[in-house]
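Any read-out appearing in this document is the output of simple, stated calculations on the displayed coordinates, not a laboratory observation. Keep in mind the model is a prediction, meaning the values are calculated, not measured. Here the Cβ positions follow ideal geometry from the backbone for every residue, glycine too, while neighbour counts run over all protein chains shown.
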Amino acid sequence: MLFAGPVTAQTDATQAVFDPMKALTEKGAVVSSGKDPMTALRMAEPTEEGAPAPNPEFGGLPDAPGAEETFYQCTACHSTEIIKQQRLTDGRWDELWKWMVDKQGMVEPDPETKVVILNYLKANQSSER
Ligand code: HEC
């Protein structure tokens with residue numbers, strides 16, 4: 001259950017009948033349709049006061065130094081959703097990194113990049129701050 005998003009019941013009577021051509025005739029409708037089950041995943045997540053905004057270029061990861069490195073290192077196997085939903089202690093991020101390498105076969109980047117990514121995760125996806 002990693003990608004379970006909120007399930008919203010369609011209660012709006014005007015949308016009860018699905019017109020497959022509507023998206024093609026309505027200007028801009030193609031971009032985001034309420035019928036698209038992935039919409040919730042693409043939407044920006046609410047950010048806390050002062051937290052960096054999600055960067056859509058890097059899978060919605062918080063826009064801070066290291067976001068790019070983290071994106072390219074970590075999305076080889078799974079989406080950023082799995083990262084964004086995690087709030088781990090600093091120690092747990094270190095352990096998770098090791099687990100990703102030892103058990104999942106993640107190829108480690110050069111040591112500097114590793115530091116950049118772990119600092120990024122600890123700064124932006126930590127349960128400690
Ligand atoms: C070599 C493939 C691979 C790479 C690269 C990779 N992961 Fe993973 N990751 C996995 C697999 C496989 C899982 C387990 C998915 C599942 O639970 O079904 C996982 C799960 C996770 C989880 C969820 C752990 C949990 O307790 O549920 C997080 C968080 C995570 N990865 C973060 C990262 C981060 C951060 C990076 C980059 C530093 C990364 N992953 C890179 C393969 C990878």
Residue separation times 0.36 nm, minus the C-alpha to C-alpha distance between A76 and V115: what's the value? 12.2 nm
Dividing the alpha-carbon radius of gyration of region 58-99 by 2.2 N^0.38 Å (N being the number of residues), what value is obtained? 1.12
Estimated FRET transfer efficiency when R0 is 41 angstrom, pair Q104-A51 (beta carbons, to 0.05): 0.90
Taking R87, R92, R129 and counting other beta carbon atoms within 10 angstrom, the fewest-first order is R129, R87, R92
